[in-house]
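A.B. asks: Dropping the structure in here first, questions after.
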Amino acid sequence: MTLRAERGAARSGLVGQLGRYARIALSALAALPRTDLVYFRSHFAAFPVALAAKILGRATIQEINGVYAEAFVTHPRFRRLKGVLSALQRLQYRWADALIAVTPQLVDWSTREAGHGRAFHVGNGANTKVFAPGGPRMERERPYVLFFGGMTRWHGVETMLEAARSPAWPQGLDLLMAGPVVDESLRSALEGAPPPVVRLDRVPQQDLPAMIRGAVAGLVPNVDPSGIAAQGLTPLKFFEMLACGRPVVVSDFRGMADIVRSGGCGLVIPSGDAEALARAVARLAENPGEARAMGEAGARLIAAEHSWDARAAETARVIEQVLGRK
């Protein structure tokens with residue numbers, strides 16, 4: 001696979017974002033009368049649909065991937081309304097027939113917030129039919145390590161940019177950063193970043209597996225400016241990188257760091273430590289045999305324990321339990 005363009009338009013502004021929320025809500029509301037159960041990926045903007053489901057007596061399940069503050073780190077434009085928007089999420093949790101949380105710590109947190117005990121742990125995972133070691137690889141003239149996702153501070157964008165400037169960063173290795181600029185205060189640093197930084201905007205989902213397979217390693221160097229990592233971090237990108245057979249470099253937060261250490265599938269660094277990130281990248285770039293062994297271990301682990309098939313079965317049991325109570 002050859003990627004033909006390495007720059008493009010970033011995510012739309014506030015009006016575009018609100019427009020997307022409105023279109024999704026209207027579509028869901030239109031389908032609600034024909035629905036037995038609504039499965040939400042928890043979001044404050046889902047409140048109108050959750051309220052309508054409650055009025056119509058429809059069952060609801062809320063999937064919780066983080067605490068309230070995570071939404072305002074990812075979307076800082078809504079931070080001024082965090083009190084109101086957090087309250088809207090809390091109401092959705094209290095109305096829900098079940099909560100599905102992606103870490104054990106989030107199960108405990110959501111139980112306290114909802115005021116009931118209908119919370120279950122179903123972790124994140126990867127679609128191993130799509131994200132797998134076999135398949136095409138992205139072709140580039142220079143080798144690269146990869147980060148993909150929204151460009152926000154808590155994803156470690158500044159840490160990655162600083163690491164790429166370090167003398168410890170390996171010569172001839174690019175830092176490929178793919179995703180829209182969500183935090184506008186980072187735009188100038190990203191757009192002005194010199195080599196070895198290479199910026200891509202939003203990448204189509206179908207192109208991600210080839211991009212991951214072609215990388216020396218995947219990077220998940222989160223920082224924790226708002227204390228949200230206390231409930232554990234297991235982002236989807238982490239599982240997708242491992243599923244494609246690439247080693248990962250991750251920050252030392254519960255969840256993903258535990259999996260890396262126990263599975264021997266990458267390197268763990270202190271959060272926010274740019275020099276440690278540069279050294280970890282250099283180690284994997286300069287020791288391809290070690291990197292390959294870590295990647296193979298990660299792919300086996302995801303296929304055996306963290307596939308979507310396994311997660312779907314766990315989720316189906318919760319859905320069946322909810323519908324059985326109705």
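The values are calculated or read from the model by the stated rules, or taken from the named source; none is laboratory data. Since the model is a prediction, treat every value here as computed from it, not as a measurement. Glycine also receives a Cβ, built like all others from the backbone with ideal geometry; neighbour counts cover every protein chain displayed.
Residue-by-condition table, conditions (1) under 21 Å from the mean Cα position of the chain (by Cα); (2) exposed (fewer than 15 other Cβ atoms within 10 Å of the Cβ); (3) not assigned by TED's automatic domain parsing to the domain that holds ALA278:
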position	(1), (2), (3)
GLU139	no, yes, yes
GLY156	yes, no, no
GLU162	no, no, no
MET177	yes, no, no
ASP183	yes, no, no
LEU208	yes, no, no
MET211	yes, no, no
VAL216	yes, no, no
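A.B. asks: SER307 versus (1) of a type in the set (Ser, Thr, Tyr); (2) at pLDDT below 95; (3) in contact with a strand residue (DSSP E or B) (Cβ under 9 Å, 6 or more places away or on another chain): which is the lone unmet condition?
C.D. replies: Condition (2) is where SER307 drops out.
A.B. asks: Any idea which of ALA276, ALA310, ALA291, ALA304 is surrounded by fewer than 16 Cβ atoms within 10 Å (Cβ to Cβ) and of a type in the set (A, V, I, L, M, F, W, C)? Break it down into steps so the answer makes sense when it comes.
C.D. replies: Numbers: ALA276 fails: surrounded by fewer than 16 Cβ atoms within 10 Å (Cβ to Cβ); ALA310 fails: surrounded by fewer than 16 Cβ atoms within 10 Å (Cβ to Cβ); ALA291 fails: surrounded by fewer than 16 Cβ atoms within 10 Å (Cβ to Cβ).
Result of the check over ALA276, ALA310, ALA291, ALA304: ALA304.
A.B. asks: Here is a follow-up. Before we move on, is ALA229 at pLDDT 95 or above and either among the aromatic types (Phe, Trp, Tyr) or in a helix (DSSP H, G or I) (or both)? It would help to see each step written out before you state the result.
C.D. replies: Values: at pLDDT 95 or above: no; either among the aromatic types (Phe, Trp, Tyr) or in a helix (DSSP H, G or I) (or both): yes.
Answer is no for this residue.
A.B. asks: What about ASP252, is it of a type outside the set (A, V, I, L, M, F, W, C), touching a residue at least 40 places away in the same chain (Cβ under 8 Å) and surrounded by fewer than 24 Cβ atoms within 10 Å (Cβ to Cβ)?
C.D. replies: no
A.B. asks: Of everything in the range 279-288 that's in contact (Cβ under 8 Å) with a residue 24 or more places away in the chain, of a type outside the set (Gly, Ala, Ser) and closer than 23 Å to HIS155 by Cβ, which residue is surrounded by the most Cβ atoms within 10 Å (Cβ to Cβ)?
C.D. replies: VAL281
A.B. asks: I've got another one for you. How about the range 150-176: which of its residues are closer than 14 Å to LEU219 by Cβ and either acidic (Asp, Glu) or without any contact (Cβ under 8 Å) to a residue 24 or more places away in the chain (or both)?
C.D. replies: GLU158, GLU162, ASP174
A.B. asks: Test each condition in (1) buried (at least 18 other Cβ atoms within 10 Å of the Cβ); (2) at pLDDT 95 or above; (3) more than 30 Å from ARG292 (Cα to Cα) for GLY117 and report the one that comes out false.
C.D. replies: Unmet condition: (1).
A.B. asks: Would you tally the residues in the range 194-226 being within 24 Å of LEU106 (Cα to Cα) and in a loop (DSSP other than H, G, I, E, B)?
C.D. replies: Total meeting the criteria: 6.
A.B. asks: Could you please let me know if PRO221 is modelled with pLDDT of 95 or more and closer than 27 Å to GLU70 by Cβ?
C.D. replies: yes
A.B. asks: Another question, then. Starting from the range 112-139, take each residue that is under 19 Å from ARG317 (Cβ atoms) and free of Cβ contacts under 8 Å to residues at least 60 places away in the same chain and list its partners that are among the aliphatic types (A, V, I, L, M) and not in a loop (DSSP other than H, G, I, E, B), counting only C-beta distances under 7 angstrom and pairs at least six apart or across chains.
C.D. replies: ARG118/ALA98; ARG118/LEU99; ALA119/LEU99; ALA119/ALA101; ALA119/VAL107; HIS121/ALA101; HIS121/VAL107
A.B. asks: Now a separate question. Residue check, ILE100 against (1) modelled with pLDDT of 95 or more; (2) under 28 Å from GLY272 (Cα atoms), all met but one. Which one?
C.D. replies: (2)
A.B. asks: If you take the residues of the range 236-267 that are of a type in the set (D, E, K, R) and either in a loop (DSSP other than H, G, I, E, B) or under 14 Å from the mean Cα position of the chain (by Cα) (or both), which of them is farthest from LEU146 (Cα to Cα)?
C.D. replies: Here is the first cut: in the range 236-267, the ones of a type in the set (D, E, K, R) are 237, 240, 246, 252, 254, 258, 261.
Restricting the remaining residues to those that are either in a loop (DSSP other than H, G, I, E, B) or under 14 Å from the mean Cα position of the chain (by Cα) (or both) gives 237, 240, 246, 252, 254.
Numbers: LYS237: 11, GLU240: 12, ARG246: 10, ASP252: 18, ARG254: 22 Å.
Here the answer is ARG254.
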